[in-house]
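The values are calculated or read from the model by the stated rules, or taken from the named source; none is laboratory data. Keep in mind it's a predicted model, so treat the numbers as computed, not measured. Please note: Cβ atoms are built from the backbone with ideal geometry, for glycine as well, and neighbour counts cover all protein chains shown.
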Amino acid sequence: MSLPDTNAVVRAYLAADEGIKAFFAPDAPRIYCPRLPEGVALPAIGFFTRGGRSTPYIPDLVSPSVQFDCWADSPIVARQVYRTLYNALQGLQNQVVGSNKILSAREEVQGQDLQDVDIPGYWRVLSFWEIIIR
């Protein structure tokens, strides 16, 4: 095996999750890595791997720490996006995604409500997750 593309695995899992698809319906889920493109429709989810751990004993097992930004044009909707993401990830175990498997996911830091100071009218909920992938 080789080192999995953690960003691709996480995005594929979230895009297929029934709760996330239902939240964004009738549109396709707006999930972007590493950041939202300029002028994208809201609500949306942006994420990127900010570090993490690996082990030399099991080289194809990685544990990235992933930052998620749940964006919306109001703090209430941003929090709803976050809760939908939380429901999709918290406690996840042994989920096959393509040729990889998400062994587990757990929230490292609970969602923090923020208002973007550079872009008026953009709100986000910031959270950090440990996701173990093989």
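Filtered by the rule that a residue be in contact with an Asp or Glu (Cβ under 8 Å, 6 or more places away or on another chain), in a helix (DSSP H, G or I) and either of a type in the set (D, E, K, R) or at pLDDT below 95 (or both), region 78-134 gives a lone residue, ARG79.
Restricting attention to region 17-44 and to residues that are part of a strand (DSSP E or B) and out of contact with any helix residue (DSSP H, G or I) (no Cβ under 6 Å at 6 or more places or on another chain), the residue that is surrounded by the most Cβ atoms within 10 Å (Cβ to Cβ) turns out to be ALA44.
Yes/no per residue for (1) closer than 29 Å to GLU38 by Cβ; (2) surrounded by 14 or more Cβ atoms within 10 Å (Cβ to Cβ):
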site	(1), (2)
TYR82	yes, yes
LYS101	no, yes
GLN115	yes, no
TYR122	yes, yes
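Does PRO64 fit the bill of being surrounded by 19 or more Cβ atoms within 10 Å (Cβ to Cβ) and under 12 Å from the mean Cα position of the chain (by Cα)?
Numbers: surrounded by 19 or more Cβ atoms within 10 Å (Cβ to Cβ): yes; under 12 Å from the mean Cα position of the chain (by Cα): yes.
In short, yes.
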